[in-house]
Amino acid sequence: MTDKIYDLLIIGGGINGAAIARDAAGRGLSVLLCEKNDLAGETSSASSKLVHGGLRYLEHMEFRLVREALQEREILLKSAPHIIWPLRIVLPHDKGLRPAWLLRLGLFIYDHLGTRKILPGTKTVKLSKAPHAGILQDRLTKGFEFSDCWADDARLVALNALDAHEKGAEIRTRTECTALHREDGLWTATLGTATLAQQGTASQTVRARIAVNAAGMMVDNILDRALPGDGRQNLRLVKGSHIVTRKLYEGDHLYMFQNADERIVFAIPYENDFTLIGTTDAPYKLSDGEVKISEAETDYLCDVASEYFKTPVTRDDIVWTYAGVRPLYDDKSDNASTVTRDYVFDLNTRDSKTDGEGAPLLSIFGGKITTCRRLAEHAMQKLGAYLDDGGEPWTAEAHLPGGHIPDADFDAFFAEIQAGYPWMDPVHLERMAHCYGTRLHAVIGDCTSVDQLGQYFGTGLYEAEARYLMTHEWARGSEDILWRRTKCGLHMDDEEVAAFARWMADQAD
């Protein structure tokens, strides 16, 4: 057991845990975050990659959630313009579904419900003209174009964790909280950390004044460990799946498709060469095992896209799939699509052994990528009463690592980067500039030629970048780098992926 007593022990390295760790560390609190796998290893790397208000949530009367999310869009955009950028969304009007007047009313509310200073408002578009001509079915002649933002979800998690670390937080990946109980007014936790060569685990006991349960779909499991016999089951697990196809259309706009079941599906330009289509809402239980897209979900997404695109989308177009489980608060809704996406806090301070006041345990249900900063600020507000000095809010005006780009103008920033590294392939350099922003110089270092970047693994990934991610961003396995810190795995062939996996394994020996 270490003698140190942390202010916060955070269990879970998804977006909620990482954002709270960042906020708390920036207030001068001592923080330890543990994650049993990799950062963003589950749901937080399996979203639709959007920072958005959630237009469809207006139909469910979730005005507070939508307003908060709309306000957060521009805060996040300014904090990290390298991994978040504006996106125009085209919503075709399809007769027989929601009427045009209802769509326009909803978009009017969407434009004015939150504070919008940077992003342009809604306009009507003719789908028979460029850039939409020939892309969609002939019956679709009119649509509405509005604003939201695209985000690299997994990198958003990594950058929150990196900022937390640089402000003093301890970030421990491959570290599972195997036991948690109250003792002498504190939380005592047993942490098991996988050894570098994956040959076992090393255990440590730590103590903290407050525990934050941000374990995603394992929230109820952590509650069972901390409060045995409590018997509460607050979690509603809903699986969302996506398909990635070959590029289906030119342009950087997104299409938002309505479906007869009242759900919506997005078609999003992705990684230059692909189109991302999602998502679904399917009930999920932990006993279901591996989180992956089902045959029915694959057919559903292909069918919805084919209802709108002139050229049908088939399984032959699919190059990759992924799925994640949303850990939502169980509001007892009959339909998985209507379960609230709002976050819910459960604060427990009763020690069942003494039936008196005990060390606080804050459990988090739900949440969205878009509202991660606000959720963290709200969590610290609730926990401030249990700390000698809870600090002051600070994240609203702060940048994430690499986000100090003047006027949030990525194009101007990249022009300067190109001038500084004329020897690098512009496509590969742009990918790296989006990943690292102003931290790009730390990745490339003093290299003045491609040869100095070390071993080349394909699709613009060099040894220098891989070693940076291993040293500074907790990357341990090949998937950490190929599918979360970057998306290089999507562009590599099977032989390149296997070769990189062998190289990463050699580094652990």
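For this structure, a couple of remarks:
- Exactly one residue out of Arg67, Arg116 is in a helix (DSSP H, G or I) and basic (Lys, Arg), and it is Arg67.
- Search result, residues across region 470-496 that are over 16 Å from Asn37 (Cβ atoms), open to solvent by less than 40 Å² (accessible area, probe 1.4 Å) and not hydroxyl-bearing (Ser, Thr, Tyr): Lys487, Cys488, Gly489, Leu490, Met492
- Of the residues Ser79, Ser48, the single one that is modelled with pLDDT of 95 or more, surrounded by fewer than 22 Cβ atoms within 10 Å (Cβ to Cβ) and not aliphatic (A, V, I, L, M) is Ser48.
- Residue tally, condition without any contact (Cβ under 8 Å) to a residue 12 or more places away in the chain and polar (S, T, N, Q), over region 46-89: 0
- Residue-level check: of (1) within 20 Å of Asn259 (Cβ to Cβ); (2) in contact with a Gly (Cβ under 6 Å, 6 or more places away or on another chain), Ile10 misses just (1).
- Here Glu62 passes the criteria (1) modelled with pLDDT under 95; (2) touching a helix residue (DSSP H, G or I) at 6+ places or on another chain (Cβ under 9 Å) except the one numbered (2).
- Any hit, region 372-385, residues being out of contact with any helix residue (DSSP H, G or I) (no Cβ under 6 Å at 6 or more places or on another chain), loosely packed, with under 15 Cβ neighbours inside 10 Å and outside any helix (DSSP H, G or I): no
- Of all residues in region 46-82, those satisfying the criterion of being among the acidic types (Asp, Glu) and under 13 Å from Arg116 (Cβ atoms) are Glu72, Glu74.
- Residues (of a type in the set (A, V, I, L, M, F, W, C), surrounded by fewer than 12 Cβ atoms within 10 Å (Cβ to Cβ) and closer than 25 Å to Glu463 by Cβ) located in region 389-422: Ala419
- Contact annotation: residue pairs with Cβ atoms under 8 Å, 6 or more positions apart or on different chains, pairing a residue in region 345-360 that is polar (S, T, N, Q) with a partner that is open to solvent by 30 Å² or more (accessible area, probe 1.4 Å) and in a strand (DSSP E or B), are Thr349/Glu357.
- Of all residues in region 323-335, those that are buried (at least 20 other Cβ atoms within 10 Å of the Cβ) have Cβ atoms under 9 Å from Cβ atoms of residues that are modelled with pLDDT under 80 and not polar (S, T, N, Q), 6 or more apart or on another chain, in Arg326/Val339; Arg326/Arg341; Leu328/Ala336; Leu328/Val339; Leu328/Arg341; Tyr329/Val339.
- Scanning region 23-41 for residues that are open to solvent by 10 Å² or more (accessible area, probe 1.4 Å), out of contact with any Pro (no Cβ under 9 Å at 6 or more places or on another chain) and either within 15 Å of Ala169 (Cα to Cα) or modelled with pLDDT under 95 (or both) yields Gly26, Gly28, Leu29, Ser30, Glu35.
Rundown of residues vs (1) farther than 21 Å from Tyr329 by Cβ; (2) within 19 Å of the chain's Cα centre (by Cα); (3) among the acidic types (Asp, Glu), yes/no style:
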position: Leu223; (1), (2), (3): no, no, no
position: Leu227; (1), (2), (3): no, no, no
position: Leu235; (1), (2), (3): no, no, no
position: Lys239; (1), (2), (3): no, yes, no
position: Arg246; (1), (2), (3): yes, no, no
position: His253; (1), (2), (3): yes, no, no
position: Phe257; (1), (2), (3): yes, no, no
position: Ala260; (1), (2), (3): yes, no, no
position: Arg263; (1), (2), (3): no, no, no
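- Of all residues in region 103-131, those that are touching a residue at least 12 places away in the same chain (Cβ under 8 Å) and surrounded by fewer than 17 Cβ atoms within 10 Å (Cβ to Cβ) have Cβ atoms under 7 Å from Cβ atoms of residues that are charged (D, E, K, R) and assigned to a strand (DSSP E or B), 6 or more apart or on another chain, in Lys123/Glu145; Thr124/Lys142; Lys126/Lys142.
- Note on region 338-378: residues that are charged (D, E, K, R) and under 23 Å from Gln71 (Cβ atoms) amount to 6.
- Within region 132-152, the set of residues being in a strand (DSSP E or B) and either polar (S, T, N, Q) or free of Cβ contacts under 8 Å to residues at least 12 places away in the same chain (or both) comprises just one member, Ser147.
- Residue in region 10-29 that is on the phi < 0 side of the Ramachandran plot, of a type in the set (D, E, K, R) and touching a Cys at 6+ places or on another chain (Cβ under 8 Å) present: no
- Pairing residues of region 368-393 that are of a type in the set (Val, Ile, Thr) with residues that are part of a loop (DSSP other than H, G, I, E, B), at Cβ distances under 7 Å and at least 6 apart in sequence or on separate chains, gives Ile369/Ser47; Thr370/His52; Thr371/Tyr343.
- Candidates Gly445, Gly454, Gly458, filtered to the one that is in contact with a strand residue (DSSP E or B) (Cβ under 9 Å, 6 or more places away or on another chain), surrounded by fewer than 18 Cβ atoms within 10 Å (Cβ to Cβ) and on the phi > 0 side of the Ramachandran plot: Gly454
- Within region 153-181, the set of residues being in a strand (DSSP E or B), surrounded by fewer than 21 Cβ atoms within 10 Å (Cβ to Cβ) and not polar (S, T, N, Q) comprises Glu170, Arg172, Glu176, Ala179, His181.
- Restricting attention to region 287-298, the residues being under 21 Å from the mean Cα position of the chain (by Cα) and either over 17 Å from Gly216 (Cβ atoms) or surrounded by 12 or more Cβ atoms within 10 Å (Cβ to Cβ) (or both) number 3.
The values are calculated or read from the model by the stated rules, or taken from the named source; none is laboratory data. Only a predicted model underlies this, so the values are computations on that prediction, with no experimental measurement involved. Heads up, the Cβs are rebuilt from the backbone with ideal geometry, glycines too, and the neighbour counts pull from every protein chain shown. For the accessible areas, the whole protein counts, side chains as well, though only heavy atoms, and no ligand, DNA or RNA atoms are used. Shrake-Rupley method; radii C 1.70, N 1.55, O 1.52, S 1.80 Å.
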